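The values are calculated or read from the model by the stated rules, or taken from the named source; none is laboratory data. Everything numeric in this text was worked out from a predicted model, so none of it was measured. Cβ atoms come from the backbone with ideal geometry, glycine included; neighbour counts cover every protein chain shown.
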Amino acid sequence: MIDMAVVGGGLAGGLAALAVRRAHPELNVAIFEAGDSLGGNHRWSWFASDLDAPGTQLMAGFATTEWSGGYDVAFPGYTRHLSSPYRSLASRDFDAALRSELPAAAIRTQARATKLAAGGVTLASGEHIAARCVIDCRDFTPSAQLRGGWQVFVGRHLRTRTAHGVADPIVMDTRVAQHGAYRFVYTLPLGPNELFVEDTYYADEPALDRAALEARIDRYCTAMGWHGDRLGGETGVLPVITGGDFAAYRAALGGAGVVRSGARGGFVHPLTSYTLPFAVANALALARHARLPGDQLAALFEGRAQRHWQATRFYRSLGRMLFDAAEPEERYRVFERFYRLREPLIERFYAGNSSTADKLRILSGKPPVSVLAAIRALLGKGSPLVHERSQ
């Protein structure tokens with residue numbers, strides 16, 4: 001029997017195993033990942049202000065790209081530079097760092113789990129691994145118990161033929177055709193001749209037309225004067241949670257006594273779909289309590305999930321106004337107005353730590369949507385977070 005089985009080798013699972021390993025090197029911890037590598041094919045980015053000192057220390061061992069000078073946003077009405085330092089981590093570097101710190105025997109790739117229970121994990125191969133506690137860190141799965149919309153994106157890693165001249169990340173550029181959603185282009189300068197360009201949509205449907213989005217990235221890069229060779233890319237469809245019955249959602253996951261963490265456990269920023277600050281916080285909490293019996297650890301994380309749901313209610317309300325009160329072509333106005341606010345407020349918003357004063361300030365003044373539409377949105381239920389609306 002092992003001490004801890006972490007199922008899912010993405011951000012939440014990898015950080016959980018790392019934090020426990022650093023705090024308790026004597027414990028036998030193993031990660032079970034369905035794919036070929038830890039982290040899959042992703043890029044995670046965050047503001048330095050998203051993490052406290054222990055969280056920053058946990059991330060210190062990863063090879064990240066850092067921009068100490070801040071970042072830019074651009075809207076049809078204005079552009080703005082913000083001073084918050086920005087960080088980004090590629091999944092290949094995530095995988096490499098974990099392999100350098102965790103014992104080789106602790107990492108099981110191509111090991112898809114088919115059954116999770118309080119006493120262990122069963123793999124698709126039929127192998128059963130007994131464990132004192134099981135940590136479910138798998139990806140979010142669509143659920144009729146939750147409501148909201150979708151964040152759909154295609155990213156491209158590009159090597160330009162000449163220096164691109166971009167000094168700081170462009171976190172949002174909405175000076176593009178909206179195509180029936182809140183669309184923006186996100187650009188990271190990874191080197192003098194290297195860019196990561198991502199086309200993102202806050203859309204009503206979880207449809208990803210890769211060919212169409214790739215063509216739009218082509219046009220954007222041409223307009224910006226960026227020409228070169230493609231080095232790689234990524235795609236994604238993430239939930240933007242605006243409401244639902246969270247208790248029913250958690251209950252439907254099954255597996256009594258299993259610790260639920262990560263996106264599947266509900267630990268996301270409802271409006272931005274960010275997971276990194278919460279994955280870091282959960283990993284550190286898991287390390288603090290790693291010696292608890294599995295059922296007690298599961299109960300502790302059930303409480304953390306319920307508190308997180310309550311603490312992020314405000315962001316779900318904003319999401320309902322974004323999807324259900326604003327016309328799709330006008331959704332960008334919500335963020336255009338938001339980015340005129342004070343920078344500390346913006347930092348706390350992304351970290352999921354908005355104060356009462358922050359919330360009042362965000363809601364004060366002339367709203368970017370009609371008051372009647374906002375009221376209808378707040379009173380409405382929203383659309384189920386399932387891939388097929390007919391379900």
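General observations
- Checking residue 95 against (1) buried (at least 18 other Cβ atoms within 10 Å of the Cβ); (2) of a type in the set (D, E, K, R); (3) under 30 Å from residue 243 (Cβ atoms), the condition it does not meet: (3)
- Of all residues in the range 275-303, those satisfying the criterion of being over 18 Å from residue 139 (Cα atoms) and of a type in the set (D, E, K, R) are 288, 291, 295.
- Residue within the range 206-220 that is within 17 Å of the chain's Cα centre (by Cα) and either surrounded by fewer than 22 Cβ atoms within 10 Å (Cβ to Cβ) or among the acidic types (Asp, Glu) (or both) present: yes
- Number of the exception - residue 131 against (1) surrounded by fewer than 19 Cβ atoms within 10 Å (Cβ to Cβ); (2) over 29 Å from residue 351 (Cα atoms): (1)
- Hits in the range 71-89 - residues which are under 14 Å from residue 347 (Cβ atoms), in a strand (DSSP E or B) and of a type in the set (Ser, Thr, Tyr): 71, 86
- Single residue of the range 46-55 satisfying the filter (surrounded by fewer than 20 Cβ atoms within 10 Å (Cβ to Cβ) and not in a helix (DSSP H, G or I)) that is farthest from the chain's Cα centre (by Cα): 52
- Residue 31 buried (at least 24 other Cβ atoms within 10 Å of the Cβ) and modelled with pLDDT of 95 or more: yes
- Residue list for the range 300-323, filter: more than 22 Å from residue 18 (Cα to Cα) and without any contact (Cβ under 8 Å) to a residue 60 or more places away in the chain: 303, 307, 308, 310, 311, 312, 313, 314, 315, 318, 321
- Residue count for the range 271-293, restricted to those that are assigned to a loop (DSSP other than H, G, I, E, B) and buried (at least 24 other Cβ atoms within 10 Å of the Cβ): 1
Rundown of residues vs (1) part of a strand (DSSP E or B); (2) touching a Lys or Arg at 6+ places or on another chain (Cβ under 6 Å); (3) aliphatic (A, V, I, L, M), yes/no style:
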| residue | (1), (2), (3) |
| --- | --- |
| 6 | yes, no, yes |
| 9 | no, no, no |
| 18 | no, no, yes |
| 31 | yes, no, yes |
| 35 | no, no, no |
| 39 | no, no, no |
| 44 | yes, no, no |
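- Residue satisfying all of: in the range 161-192; touching a helix residue (DSSP H, G or I) at 6+ places or on another chain (Cβ under 9 Å), hydroxyl-bearing (Ser, Thr, Tyr) and in a strand (DSSP E or B); modelled with the lowest pLDDT among these: 182
- Filtered residues of the range 124-144 (kept if in a strand (DSSP E or B), out of contact with any Leu (no Cβ under 8 Å at 6 or more places or on another chain) and of a type outside the set (D, E, K, R)): 128, 130, 131
- From the list 147, 138, 108, 183, the lone residue that is of a type in the set (Lys, Arg), crowded, with 17+ Cβ neighbours inside 10 Å and out of contact with any Gly (no Cβ under 9 Å at 6 or more places or on another chain) is 183.
- Residue 302 meets each of the listed conditions (1) outside any loop (DSSP other than H, G, I, E, B); (2) more than 30 Å from residue 121 (Cα to Cα) apart from (2).
- In the range 221-251, the residues that are assigned to a helix (DSSP H, G or I) and touching a strand residue (DSSP E or B) at 6+ places or on another chain (Cβ under 6 Å): 248, 249
- Residue in the range 90-107 that is touching a His at 6+ places or on another chain (Cβ under 9 Å), part of a strand (DSSP E or B) and free of Cβ contacts under 8 Å to residues at least 60 places away in the same chain present: yes
- Here residue 278 meets each of (1) out of contact with any helix residue (DSSP H, G or I) (no Cβ under 8 Å at 6 or more places or on another chain); (2) within 16 Å of residue 11 (Cβ to Cβ) with one exception, condition (1).
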